[in-house]
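Worksheet: the structure to be examined is printed underneath.
The values are calculated or read from the model by the stated rules, or taken from the named source; none is laboratory data. For clarity, every value in this text was computed on a predicted model and none was experimentally measured. So basically every Cβ, Gly included, is an ideal-geometry build from the backbone, and we count neighbours across all protein chains shown. Please note that ligands, DNA and RNA were not included when accessible areas were found on the heavy atoms of the full protein model with its side chains. Shrake-Rupley method; radii C 1.70, N 1.55, O 1.52, S 1.80 Å.
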Amino acid sequence: MTTTTLDRPEAAPGSTEREHRLRWFVMAVIALAQLMVVLDATIVNIALPAAQKSLQFSDGDRQWVVTAYALAFGSLLLLGGRLSDLFGRRNTFVIGLIGFAAMSAVGGAAVNFPMLVAARAGQGVFAALLAPAALSLLATTFTKPDERAKAFGIFGAVAGAGGAVGLLLGGMLTEWTSWRWSLYVNLIFAAVALVGALTMMSPHKAEHRPKLDIPGTISVSAALFSIVYGFSHAESHGWSNGATIAWLVAGAVLLAVFVVIETRVAHPLLPLRIVLDRTRGGAYLAMFITGSGMFAVFLFLTFYMQTVLQYSPIVTGLAFLPMVAGMVTSATTSTAVLLPKVGPRLLMTGGLVVAAIGMGVLAQLTVESTYAPHILPGLVLLGLGMGMVFAPGMQGAITGVHPEDAGVASATVNTMQQVGGSIGTALLSTVAATAASNYLSGAVPTPQAQALAAVHSYTTTFWWAAAIFTVGAVISAFLLPGGKLPAPVEGQQLAMAH
């Protein structure tokens, strides 16, 4: 893709300073859009009981409010990334913002369960346009190494902390207003981001627009849908269920078909050169593993605090803030200071080790545990560790890609995080259910025994998540190349509005 570079030789006096300020305003717009997409995966979770009571749908149906978003988002991300490359990043970003806001309004105004689920699926469709466009805009806006490190540090912190922010915001909105505002709030985020995008980003298009890879698009979208749906089905119906096995096998076969197609078409949806690079491939894998383990914190620690410690939704959200603070601190400082010096391998491997230790701390929880001595240290360690993974992982994922591939490379890292989260949630939910069942086997199901079984199930998932992070650290240490990240590809800079 041909992009317009800033014309420095003819720039008016003072324009460089204005340019610099404008880049950081663009950063704020991109971060706001990313926050909206990421927090929407969790903000609705806390509002679900109130929505269920209002719209009168069953416990069995409840998961579809979450799954519909994950299915649409996860299965269409690669298509969204390629559309961003074909039709312009800003155009795709703006369409994604408008569509996401419209679907949020429909969901907030839902009068029945099908309307709510359809709106959540619609949010996922437009999030699949928005998320890769946001990351590729970031990659093309910040090309100076020092600024790039800071920008990706902020973006990585937002990407990692958005889930915890969603829990807090969802609790506040549900408790103080209505569950509907957990969806309506996106209109405020989208409006601010839209004004920023239209005033500070210049539209740009490719001079030579390749054809869209239709067979690749269909096969990978169907593969990702099958995998995400299969793991979601396993969460509620078990791993031995026939439908679960059929969906997962279909997903694996379709993924293999997609790889074959990509080696043979003239304009592949995902050029294999993007994922076969050691830096990018290692970053994608680390993001997948981190996403798989991270959801254990949000899901099972939320259950622990609300059911065992009897925290309200707002207090639960506030309890996660130290993790957010740790993540923001490590993502912004370590990326700016350490990444340019030591490269991603040491930083990401170390981050996964720190996150594994944090999970190990949380695995010591009992029914008598309290927040400050038992939960807080683990949360801080997790925040510090995941910040060290997310920020360099986001940067490593688009390192060395040509401008025409920036969108699909950005989509791939989002896909890995989203699919990793779906798989982790299903896997660890099954682990938790099995652990609780085994604990109660042969015991009298008294309230005390059930509480002990619940805590045992949560701590078991924390041990599993610690193991996942440890495996990720070993893989990162061997797969990621040593040394610094290469400089951005020439011509990646995006022109901003003057």
* Asked: Hey, among the residues in region 99-124 that are touching a helix residue (DSSP H, G or I) at 6+ places or on another chain (Cβ under 7 Å) and not in a helix (DSSP H, G or I), which one's farthest from Ser182 (Cα to Cα)?
  -> Asn112
* If you take the residues of region 30-62 that are among the charged types (D, E, K, R) and modelled with pLDDT of 80 or more, which of them is farthest from Val158 (Cα to Cα)? -> Lys53
* With respect to Phe87, is the statement that it is open to solvent by 10 Å² or more (accessible area, probe 1.4 Å) and in contact (Cβ under 8 Å) with a residue 60 or more places away in the chain true? -> yes
* Looking at (1) at pLDDT below 80; (2) over 18 Å from Met287 (Cα atoms); (3) among the polar types (S, T, N, Q), which is the one condition that is false for Thr434? -> (1)
* Asked: Assuming Arg264 fulfils every condition listed in (1) in a helix (DSSP H, G or I); (2) more than 24 Å from Met394 (Cα to Cα); (3) open to solvent by 20 Å² or more (accessible area, probe 1.4 Å) apart from one, which condition is it?
  -> (1)
* **One residue from Thr307, Thr290 being closer than 30 Å to Lys144 by Cβ and of a type outside the set (A, V, I, L, M, F, W, C)** => Thr290
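Of all residues in region 50-63, which are touching a Ser or Thr at 6+ places or on another chain (Cβ under 9 Å) and not hydroxyl-bearing (Ser, Thr, Tyr)?
First pass over region 50-63, keeping only residues touching a Ser or Thr at 6+ places or on another chain (Cβ under 9 Å): 50-52, 54, 60, 63.
Those that are touching a Ser or Thr at 6+ places or on another chain (Cβ under 9 Å) and not hydroxyl-bearing (Ser, Thr, Tyr): Ala50, Ala51, Gln52, Gly60, Gln63.
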* Any hit, region 389-401, residues being open to solvent by 10 Å² or more (accessible area, probe 1.4 Å), aliphatic (A, V, I, L, M) and farther than 21 Å from Val455 by Cβ -> no
* To do: Determine if region 105-128 includes at least one residue that is over 17 Å from Asn45 (Cα atoms), open to solvent by less than 10 Å² (accessible area, probe 1.4 Å) and modelled with pLDDT under 90.
  => no
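Please determine whether any residue of region 135-157 is open to solvent by 30 Å² or more (accessible area, probe 1.4 Å), within 22 Å of the chain's Cα centre (by Cα) and closer than 21 Å to Arg62 by Cα.
Pass one, region 135-157, residues open to solvent by 30 Å² or more (accessible area, probe 1.4 Å): 143-146, 150, 154.
Those left that are additionally within 22 Å of the chain's Cα centre (by Cα): 150, 154.
Checking the rest, the ones that are also closer than 21 Å to Arg62 by Cα come to none.
Looking for residues that are open to solvent by 30 Å² or more (accessible area, probe 1.4 Å), within 22 Å of the chain's Cα centre (by Cα) and closer than 21 Å to Arg62 by Cα, one finds none in region 135-157, hence no.
Which residue out of Ala190, Ala164 is farther than 26 Å from Thr140 by Cα and either touching a residue at least 24 places away in the same chain (Cβ under 8 Å) or open to solvent by less than 30 Å² (accessible area, probe 1.4 Å) (or both)? Please lay out each step first, then the result.
On the way: Ala190 fails: farther than 26 Å from Thr140 by Cα.
Checking each option against the conditions leaves just Ala164.
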* To do: Count, please, the residues in region 414-451 that happen to be exposed (fewer than 13 other Cβ atoms within 10 Å of the Cβ) and either in contact with a helix residue (DSSP H, G or I) (Cβ under 6 Å, 6 or more places away or on another chain) or of a type in the set (A, V, I, L, M) (or both).
  => 2
* **Contacts under 7 angstrom Cβ, first residue in region 40-63 being within 23 Å of Phe320 (Cα to Cα) and open to solvent by less than 50 Å² (accessible area, probe 1.4 Å), partner of a type in the set (Ser, Thr, Tyr) and at pLDDT 85 or above, 6 or more apart** => Asp40/Tyr69; Ala41/Tyr69; Ile43/Ser182; Val44/Ser182; Ala47/Ser182
